[in-house]
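The values are calculated or read from the model by the stated rules, or taken from the named source; none is laboratory data. For clarity, every value in this text was computed on a predicted model and none was experimentally measured. Please note: Cβ atoms are built from the backbone with ideal geometry, for glycine as well, and neighbour counts cover all protein chains shown.
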Amino acid sequence: MTDSIDRSTDLSQPLDRLGPDERLKHDSDYLRGTIDASLLDRISGGVRFEDNKLMKFHGLYQQDDRDIRDERRRQKLEPAYTFMVRVRLPGGVCTPEQWLKIDELARRHGGDTLRLTTRQTFQFHWVLKEDLRPTIQGLHDVLLDTVAACGDDSRGVMATADSGDCALHAEVAALAKSLSDHVIPKTGAYHEIWYGKERVATSEEEEPFYGRIYMPRKFKIGFVVPPSNDIDVYSQDLGFIVVTGADGSVEGFNVAIGGGMGRSDQDPGSYPRLADVIGYISKGKLVATADAVMSVQRDYGNRVDRARARFKYTIDRLGLDFVTAEIERRLGAALEPARPFEFTSNGDVIGWRENGGGRFNLTLFILSGRLANRPGKALLDGLREIAKVHRGKFRLTPNQNLIVADIPAEERPRIEAILAAHGIGETGASALRRNAIACVALPTCPLAMAEAERYLPDFTAKVEAILAENGLIDEPITMRISGCPNGCSRPYIAEIALTGRAPGKYTLWLGGGFHGERLNRPVLDNEGEAAILATLSETLGRYARERVAGEHFGDFLHRSGYFEPAHDSAAGDPMLDRAEATTRA
Amino acid sequence: MTVAQQFHEGALTLEQWQHVEALAGSLSPVQARWISGYFAGLDAGLLRGGGVAAAPEAAPAGRTLTILYGTETGNARDLGKALAAAAAERGLAPRLFDMADYKTRQLKDEEDLLVIVSTYGEGDPPQPAIGFFEYLEGRRAPPLPNLRYSVLALGDSTYEKYCEAGKRIDRRLQELGAARLHDRVDCDLDYEELAAGWSGILVDRLAVEGAERSAEVVRLFPTAAPATAASPAYDKRNPFAAAVLDSIRITGRHSTKDTRHIELDLTGSGLAYEPGDSLGIVAANDPAVVARLLDATGLDGGATVSVKGESLSLAEALARRFEITIASPRFVDQWAMLSGAAALEKLRGEAAAAERRAFLHGHHVVDIARLFPVSSLDPEALLAGLRPLQPRLYSIASSLAAGAEEAHLTVAPVRYSLHGEERGGVASLQLAERVEPGDTLPVYVQPNPHFKLPRDEAPIVMIGAGTGIAPYRAFLQEREAAGRTGPAWLFFGERNFRSDFLYQSEWQAWLKGGTLGRMDVAFSRDKADKVYVQHRMLEQAKDLYAWLEDGAHLYVCGDANALAPDVHEALIRIVADQGGKDREAAEDHLRRLAADRRYQRDVY
Ligand code: SRM
Ligand SMILES: Cc1cc2nc3c(=O)[nH]c(=O)nc-3n(C[C@H](O)[C@H](O)[C@H](O)COP(=O)(O)OP(=O)(O)OC[C@H]3O[C@@H](n4cnc5c(N)ncnc54)[C@H](O)[C@@H]3O)c2cc1C
Ligand SMILES: Cc1cc2nc3c(=O)[nH]c(=O)nc-3n(C[C@H](O)[C@H](O)[C@H](O)COP(=O)(O)O)c2cc1C
Ligand code: SF4
């Protein structure tokens, strides 16, 4: 059936028929480009256009302080270029030693701040070009790197942050780590450029899996342990839904493919898509399955039009059946039918929780993942103190929160004391606030169209007021803000979401599934705060009055007929409920 | 025998001789004396390959008069021209030369020589006059027993080596056996009257000596220099009110500097300038500073005073006419007299120079007035101690070729605190703080013939730090507009890359477009180890020398003390090391480059 397939946009085509980025990757000598020269250039704080693209594969993004972009232009100065450095941290797990080093680097090179991301890792911002090597070498000291944290390759591998069972968590986290190590690029470029290693002449292929042109686009893998869907497995290109055996350890996985959030307001053909569960594999087939799925995307993905290059579009273009069959062909075996599973939430449980092994996990709510020292709340300092005494691990959650994991009971008072001393702790954050996520957006994100992280506190307070009026203040509602439609906060599966259109203007989305099983729908487009709050107070008011016991806001809007019935689209029915999907598979 | 027979064949044709005879018969004694001089000069002219029409080399028969000036900012030139004009008026035939253009071998033949020279740096001559000084003070200078001369020295009494360059010439000419026509006159920044006095005396004396003799001559052959000095409509004494178009801080956030970019509108002024020229700003004092001085002296700003015959309010006079921040030795004299303060008394005179200098650095006019109060002070008495407010010069950072009739400036505000008070520079703070777009400023163009782009496509190496970058922006605008593609290399130094990379995006564009071929930057405060432009130059020694060998023109602009000496030292090392020369030879090499106008400096 392969021959009946349209291959006019994939790597079977000659390079000059493909998009410019393919040529760039091809000619980059396995991601080396002229990065070395760009780093030496004293006339600019940035790097050459091509090198900027290549450096993403090394986990580095050139950015500029957008708050002063125009001011600098008038001053005849180039934009205030700095770099974002994204650490590769599979499963979001790190040791106290690693924490202390990261903290040190953030203070020395990262503008005294750190960012916990929605894919469970650290980001440094504000890193100057000449500080990139010191930063990366510092990470190297504690066995961390930034390889493939960005770029057309397999990105940071996620894993449920707290499954309530420390043994299971450890096993899954280990799988995430080994899979991440397996899927990242193998080029020596990273070691040569950042560690100053000599290039070793070798006859063998530098990129056995990727080849010269890598993936058509980013590729995201995540492990989830039901009933938590904290990683939003339906938003991953490739999701592994853990199925445990009688002994409570990993037996295998339901495999979900084709999730993705990114869309664009200028491109009606773009859309978010929830992953499809295509079957079950035993634990032993994990790596082989990852290779099979990724290779299908590598070989069939669209390399002419980057806007259609994500796996989700490949699947919708070629058909889920073809893609599944091709995966099975490469696996040399059919997938087993998916096993039943159930999700209850995609949020975190804030506060103390027994870790399933007699010790305790403390999940700290970190507003939009921002670690800094603020008057009255010294997050950086406090966590550094904890890292000095803590003998367990730290876990970053997909909701930008932080877990201080595996604390012996007798240590709890000490940890509590340190937190108190630094003004950290759950000082009455509402359920809404605790479940809210905002992407970074301004001032560093080059793609931001509106504020997100900096707008979240304000906006949340105003929504909290509405909730309070309606007696809903303790109701957990997922709310996410993204500064642009790319959807880094995974907004399209939130019950309430804003995606930026222009400064102060957003698209309002309502009705997502509480545990990430259903996409939401646009209700207002390109509107200001007033209109948005008005709509929210109207809908939340109705919800307060008419909901049935235990009904979530998103579910209510659908039941109550707030939306006209869904109509099928090329994208597949956006309202398709993934809980059904699992039983269908 | 006839006169004709006295000529052996070949000397003159008979026909020619008859002309001469006819002419000779019709000559007055004076004319006869002149003709002989004329033929002498004509003869010299022919030898030099000059045409018959060439003006006579010297005033006939009588003593020749030459006026030499050494200048950087043009004062000495202006005075030289005025002097030449006055001399010509009185029937003298002066020849006027910039020391930079003067053929030193002519010195031995000079008879009367009037010298006007200013002083720079550590009592150095003006940059363009350095070659002349080296010759005069060097071993090759001839004895000058027949020379009569006088020196007018321009200077600024706030500088350590006051009028030193003038003093050096005076000293040296004595050594060489020349005789003074008149004692040297040292002028402070308010040189007008003293200079006029000096000129008047000398012109009188020489004119009287020359008597009637050259009167007709000059009418016959008016000398070129003074007559054909077309002065622009607007100048230092008649500045143009230029509107401020833009005034922005071009150092980024968190900068330790506060450098401004100022755009002035010259439309309708007819003012023309070339890259390398400077703009003169006729600045005014900060009203707050005026108020402070009035307060310190207990004077009434409303009181009417007369300045150079014009009557105006004291406040007005202090604001627009006088330097009221930095005090001069004259102020010490005046205030000592007024206050009778012993402390000031002992600061007077040559002997106390060093002490006085130190005192004056730490005590400006207002401080002295506060320290030594004078009761019932007469406003005119205060003014008598002050120096006239001088215009300030700023390298023009734009080129008319770029299109707009504008002049752009790059200004570093001078700020400091003294006796617990925030103080600052008159002009730079006026530009930075007291004018905004829409306001006008009195300006004039100050040509700088000694900081010019090569006429051809010759390579240029531009070295500058801080505001010293300004003229290079003009250079590149000019070359870009003219589509001239001569190789260009820029060295720039400042404190911090992020905030102080003046005009960064423009250099980047020029690098992209090829107008600028190469750029090296040194930022002294980014890293622990301070790097300056001279370090970058030394790093690039090999290439830099290669450029010089390819005929590159060198430019240095910026701080006279912080930049120029180190850069010069670096150049010596580069030429020595790369050219396999010893220090002597290397310095010689640079001297020759300067003489060939291939090593030009605009330092302040
Ligand atoms: C830091 C983070 C948001 C946060 O607040 O945590 C983030 C930040 C950025 N994302 Fe994202 N994305 C982040 C998770 C996501 C997610 C969520 C996820 O993966 O679970 C998504 C939606 C899922 C998906 O991929 O569809 C996401 C979809 C995008 C897209 C849209 C991709 C698409 O297919 O259309 C872009 C733009 C692009 O790739 O062209 C993008 C691009 C970016 C960039 C790098 C902007 C750029 O390309 O220059 C942002 C850097 C801003 C800054 O200053 O830090 N980011 N980005 C998250 C880092 C995750 C990580 O550690 O790797
Ligand atoms: C040819 C030429 C070109 C120039 N080009 C430029 C240019 O492009 N850009 C530019 O910015 N400048 C340039 N300058 C310098 C400029 O002309 C002025 O000298 C400068 O701006 C200071 O003038 P002002 O009136 O602001 O300061 P002034 O009123 O002249 O005050 C300066 C004086 O203040 C006193 N002073 C300073 N600091 C202290 C202290 N800490 N304690 C006590 N006294 C102190 C000193 O006596 C100093 O001489 C140039 C100068 C020349 C000659
Ligand atoms: C950068 C600079 C340095 C100067 N150094 C001295 C000095 O050392 N001694 C002095 O008497 N005058 C000094 N002066 C004052 C000048 O000699 C004075 O302004 C003179 O009028 C300039 O004449 P000119 O325009 O012919 O060059 C200096 C002026 C400037 C701008
Ligand atoms: S969602 Fe848009 S604005 Fe927010 S971080 Fe991602 S790309 Fe930037």
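Observations, loosely collected:
- Every pair of residues 6+ apart whose Cβ atoms lie under 7 Å, when the first sits in region A:272-294 and is in a helix (DSSP H, G or I) while the second is of a type in the set (Gly, Ala, Ser) and crowded, with 22+ Cβ neighbours inside 10 Å: A:MET294/A:SER154
- Of the residues making up region A:1-56, those that are assigned to a loop (DSSP other than H, G, I, E, B), more than 14 Å from chain B (Cβ to nearest Cβ) and of a type in the set (A, V, I, L, M, F, W, C) are A:MET1, A:ILE5, A:LEU11, A:LEU18, A:LEU31.
- Any hit, region A:218-239, residues being within 16 Å of ligand 4 (Cβ to nearest atom), of a type in the set (Gly, Ala, Ser) and in contact (Cβ under 8 Å) with a residue 40 or more places away in the chain: yes
- Odd one out for B:ALA482, checked against (1) in contact (Cβ under 8 Å) with a residue 24 or more places away in the chain; (2) out of contact with any Phe, Trp or Tyr (no Cβ under 9 Å at 6 or more places or on another chain); (3) within 14 Å of chain A (Cβ to nearest Cβ): (3)
- Pairing each residue of region A:67-93 that is more than 7 Å from chain B (Cβ to nearest Cβ) and closer than 28 Å to B:LEU409 by Cα with any residue that is crowded, with 24+ Cβ neighbours inside 10 Å and not hydroxyl-bearing (Ser, Thr, Tyr), provided the two are 6+ apart or on different chains, yields no C-beta distance under 7 Å.
- The set of residues in region B:296-349 being crowded, with 16+ Cβ neighbours inside 10 Å, in contact (Cβ under 8 Å) with a residue 60 or more places away in the chain and of a type outside the set (A, V, I, L, M, F, W, C) consists of B:THR297, B:ARG320, B:ARG321, B:GLU323, B:THR325, B:SER328, B:PRO329.
- The number of residues in region B:511-540 being away from chain A (no Cβ under 11 Å), touching a helix residue (DSSP H, G or I) at 6+ places or on another chain (Cβ under 6 Å) and crowded, with 21+ Cβ neighbours inside 10 Å comes to 3.
- Region A:161-218, residues that are in a loop (DSSP other than H, G, I, E, B), more than 19 Å from the chain's Cα centre (by Cα) and charged (D, E, K, R): A:ASP165, A:LYS186, A:LYS197, A:GLU198, A:ARG199, A:GLU204, A:GLU205, A:GLU206, A:GLU207, A:ARG212
- Filtered residues of region B:248-275 (kept if outside any loop (DSSP other than H, G, I, E, B), facing chain A (nearest Cβ under 10 Å) and crowded, with 20+ Cβ neighbours inside 10 Å): B:HIS261
- Residue list for region B:491-508, filter: closer than 23 Å to B:ALA458 by Cβ and at the interface with chain A (Cβ under 10 Å from one of its Cβ atoms): B:PHE492, B:GLU506, B:TRP507
- Hits in region A:508-541 - residues which are in a strand (DSSP E or B), at negative phi and not basic (Lys, Arg): A:LEU508, A:TRP509, A:LEU510, A:PRO522, A:VAL523, A:LEU524, A:ASP525, A:GLU527
- Candidates in region A:458-500 are the residues that are within 21 Å of the chain's Cα centre (by Cα) and away from ligand 1 (no atom under 13 Å from the Cβ); of these, the one that is surrounded by the fewest Cβ atoms within 10 Å (Cβ to Cβ) is A:ILE477.
- Only helices (runs of 4 or more DSSP H) whose full extent lies in region B:322-412 are considered here, and the ones with at least 1 residues that are hydroxyl-bearing (Ser, Thr, Tyr) are B:329-339.
- Among the criteria (1) crowded, with 24+ Cβ neighbours inside 10 Å; (2) closer than 22 Å to A:ALA170 by Cβ, the one A:ARG273 does not fulfil is (2).
- Checking B:GLU406, B:GLU422 one by one, the residue that is more than 16 Å from ligand 4 (Cβ to nearest atom), more than 19 Å from B:PRO239 (Cβ to Cβ), more than 14 Å from chain A (Cβ to nearest Cβ) and among the acidic types (Asp, Glu) is B:GLU422 and no other.
- Candidates are the residues of region B:58-80 that are over 14 Å from the mean Cα position of the chain (by Cα) and at pLDDT below 95; the one that is farthest from ligand 1 (Cβ to nearest atom) is B:ALA61.
- Taken over region A:85-128, the residue count meeting the criterion of being among the charged types (D, E, K, R) and under 12 Å from A:LEU144 (Cα atoms) is 4.
- Some residue of region A:409-416 being more than 16 Å from ligand 1 (Cβ to nearest atom), within 30 Å of A:GLY262 (Cβ to Cβ), surrounded by fewer than 16 Cβ atoms within 10 Å (Cβ to Cβ) and not polar (S, T, N, Q): no
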